[in-house]
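Below is one structure; the comments refer to it alone.
The values are calculated or read from the model by the stated rules, or taken from the named source; none is laboratory data. Fair warning: this is a prediction, and the values are worked out from it, not measured in the lab. Here the Cβ is made from the backbone with ideal geometry for all residues, glycine too, and neighbour counts use every protein chain on show. Calculation scope for accessible area: heavy atoms of the full protein, side chains included, ligands and nucleic acids excluded. Shrake-Rupley method; radii C 1.70, N 1.55, O 1.52, S 1.80 Å.
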Amino acid sequence: MPIALLALTLSAFAIGTTEFVIVGLLPTIAADLGVNLPSAGLLVSLYALGVAVGAPVLTALTGKIPRKTLLLSLMVLFTLGNLLAWKSPGYETLVIARILTGLAHGVFFSIGSTIATSLVPKDKAASAIAIMFTGLTVALVTGVPLGTFIGQHVGWRETFLAVSALGLVAFVGSLLYVPSSIKHSKPASLLQQVQVLAQPRLLLVYAMTAVGYGGSFIAFTYLAPILQQVSGFSAGAVGAVMLVYGVSVAFGNIWGGKLADQKGPVSALKLIFLLLALVLLLLTFTAPHPVLVVITVLLWGAVAFGNVAGLQVYVVQQAGHFTPRAVDVASGLNIAAFNLGIAGGAWGGGLIVEHLGLVHTGWIGALVVLGAFGLTALSGRLDRLNPIPVRVAGEKSMHATGH
């Protein structure tokens, strides 16, 4: 595999770290900036909204810019956003920094797949995309716990300084090794994207994605304060628990993908949503017990992102049937739905923390995830009434982890 692909993977690692490391640092940031936990939780919501807007809108608006120029510009924006977070004098500046990095994230994963595939022969395209997206998985396993550790022991600002250094290394790698002559077809216009959103069956899949991840992030956004204030862990121990979570996610992603291949996306998604709801309900009862809550977090990681592959394969199947000329657009919009779910879940979780308390995020999140299970069952029933050819199921499935 060419070294340019390593630069893309490093970019994905840096971006994945900055997206999720905030979860482990919420109590620290809230205390330092003098804001409450729900306000700190908005740093998760607004980042995710930046991704959701950046992916479809900015990708369409930057369609004529050469790919290498756009890639380098995105890494500059990403690095500057993290430097702004490092030097932010207060909460408002940190909010702006999070939105800027979210915008860069959205466009990066929209164009990253096409750049990765241009670097290798056609028969290695899927492997190239998979390698790039391992950057996200590795971020959850190593970047997030390490960033949380730095934030707890040195200061949360230094975490963003470290991520901006990663962004700079990724920029230099892309500058030196990504070729300037990357061919690209013009991305879908905003009008084409709106036409995809006019398809009720695709909207149903986007609702499954948004509601499923919204339910999980109601509780996940506030995992660090739950661990500290309810379970009794020290701030320094949160990074270790995040490591347990990240390792479990890595295995869960593989398991979820194999399950979707074996059982089909709908059956796999129903099972994973049910297990996720069960784990979130369990959290309500295990949160006060340190050993039990770590076991719960381990189980949570195994199912938290295990549905990504199934959701992406399913949206590609549906798009191949209902909007065959806009499969890429439909796949990209599912990433936007994923981040809208994160934004809504973090915001809703903040309201629950403010009015009911931290421990209630678990069972309420479980109820929301059961809503995603219901939507999935409905979509499966509609499939049986109107069977869909699955000829495109495998074509784009390697977008599977592009949140």
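Heavy atoms only, probe 1.4 angstrom, no DNA, RNA or ligands counted: give me LEU278, LEU119 ranked by accessible area, highest first.
Working: LEU278 105, LEU119 35 Å².
Final ranking, largest accessible area leading: LEU278, LEU119.
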Inset, instruction - Sequence neighbours fewer than 8 away in the same chain don't count; with that in mind, list the lysines whose C-alpha is under 21 Å from LYS183. - result: LYS64, LYS68, LYS122, LYS124, LYS396
Legend entry - Largest-first ordering by accessible area, 1.4 Å probe, given options HIS105, HIS355, HIS321: HIS355, HIS321, HIS105
Inset, instruction - Give the residues of segment 271-312 whose amide nitrogen is closer than 17 Å to a point set 7 Å from the Cα of LEU382 in the direction of its Cβ. - result: 311-312
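In debye to the nearest 20, how big a dipole does the chain give about its Cα centre with +1 on each Lys and Arg Cβ and -1 on each Asp and Glu Cβ?
Details: 19 positive and 10 negative charges, 221 e Å.
The dipole magnitude comes to about 1060 debye.
When only the heavy atoms of the protein chains count and the probe is 1.4 Å, how do ARG381, ARG67 rank by accessible area, highest first?
Details: ARG381 135, ARG67 10 Å².
Descending accessible area places them as ARG381, ARG67.
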Inset, instruction - Using 0.36 nm per residue of separation minus the Cα-Cα distance, give me the extension gain between GLN229 and VAL172 in nm, one decimal. - result: 16.3 nm
Inset, instruction - With unit charges on the beta carbon (Lys/Arg positive, Asp/Glu negative), name the residue among VAL21, ILE295, ILE99 whose Cα is farthest towards the positive pole of the charge dipole of the chain. - result: ILE99
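Compute the orientation-averaged projected area for segment 1-180 from the convex hull of its Cα atoms and round it to one decimal in nm². Working shown, then result.
Values: hull surface 38.1 nm².
If I average the Cα hull's projected area over directions, I get 9.5 nm².
Per residue, how many Å² of accessible area does segment 1-150 show with a 1.4 Å probe? Walk me through the numbers on the way to the answer.
Working: 5030 Å² over 150 residues.
Roughly 34 Å² per residue, with all protein chains present.
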Legend entry - Kirkwood Rh and Cα Rg combined as Rg/Rh, the chain: 0.95
Inset, instruction - Taking the Cα centre of segment 188-387 as origin, sum charge times position over the Cβ atoms of Lys and Arg (+1) and Asp and Glu (-1), and report the length of that vector in debye to the nearest 20. - result: 420 debye
Legend entry - Spin-label pair VAL291/LYS124, simplified geometry with 7 Å Cα→Cβ offset, distance in nm: 4.9 nm
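In Å, the Kirkwood hydrodynamic radius of segment 188-387 over pairs of distinct alpha carbons? Provide the component values of the computation, followed by the final result.
On the way: mean 1/r = 0.0581 Å⁻¹.
Here the Kirkwood hydrodynamic radius works out to 17.2 Å.
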Legend entry - the chain, accessible surface, carbon-and-sulfur percent (1.4 angstrom probe): 71 percent
Legend entry - Calculated [θ] (222 nm, deg cm²/dmol) that DSSP helices of n ≥ 4 give over the chain, each run adding -39,500 (n - 2.57): -26000 deg cm²/dmol
Legend entry - For LEU84, net neighbour charge (Lys/Arg +1, Asp/Glu -1) across residues whose Cβ lies under 13 Å away: +2
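Which percent of the Cα-Cα distances in segment 210-301 go past 17 Å? Provide the component values of the computation, followed by the final result.
On the way: 2116 of 4186 pairs.
The share of Cα pairs beyond 17 Å in segment 210-301 comes to 51 percent.
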Legend entry - Hz values of 3J(HN,Hα) by residue in segment 79-90 - Karplus curve (6.51, -1.76, 1.60), Gly and Pro given as x: 5, 5, x, 6, 5, 5, 4, 4, 9, 4, x, x
Legend entry - For TRP255, solvent-accessible area (1.4 Å; no DNA, RNA or ligand), Å²: 100 Å²
Inset, instruction - Pick out, from VAL53, SER39, ALA346, the residue whose Cα sits farthest towards the positive end of the charge dipole of the chain, with +1 on the Cβ of Lys and Arg and -1 on the Cβ of Asp and Glu. - result: VAL53
